[in-house]
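Asker: I have a structure I would like to understand better, so I am pasting it below and will then ask my questions one at a time.
The values are calculated or read from the model by the stated rules, or taken from the named source; none is laboratory data. Only a predicted model underlies this, so the values are computations on that prediction, with no experimental measurement involved.
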Amino acid sequence: MIDALMPVMIVAIVFAFVSFSVYIKYRSEWLRSGADQIHKSLQDENIALKTKTLELEGRIQVLESIVTNKNFRLDEEIDSLA
């Protein structure tokens, strides 16, 4: 009886191995494509944040130049006396 089932068991094992290999290949491709989309999304967000940071740094420089301006300090002193 066991000798009669041996070819069936071998075919089942081979079929299971091939099926598992195909599944693993499909799953890795699916994950890789998802990772590419996430990577692209993160790159876009990184570029947007760098642009926003540069814009804010420029605005801070303008504010610093206004605050450190001698005329501004003089106006503040005059306003504080009144």
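Asker: Please enumerate the residues belonging to segment 1-50 that are of a type in the set (S, T, N, Q) and at pLDDT 85 or above.
Answerer: Of everything in segment 1-50, those that are of a type in the set (S, T, N, Q) and at pLDDT 85 or above turn out to be Ser19, Ser21, Ser28, Ser41, Gln43, Asn46.
Asker: Turning to a different aspect of this structure: Tell me, yes or no, whether segment 62-76 has at least one residue that is within 32 Å of the chain's Cα centre (by Cα), modelled with pLDDT of 80 or more and not hydrophobic (A, V, I, L, M, F, W, C).
Answerer: Taking every residue of segment 62-76 in turn, none turns out to be within 32 Å of the chain's Cα centre (by Cα), modelled with pLDDT of 80 or more and not hydrophobic (A, V, I, L, M, F, W, C).
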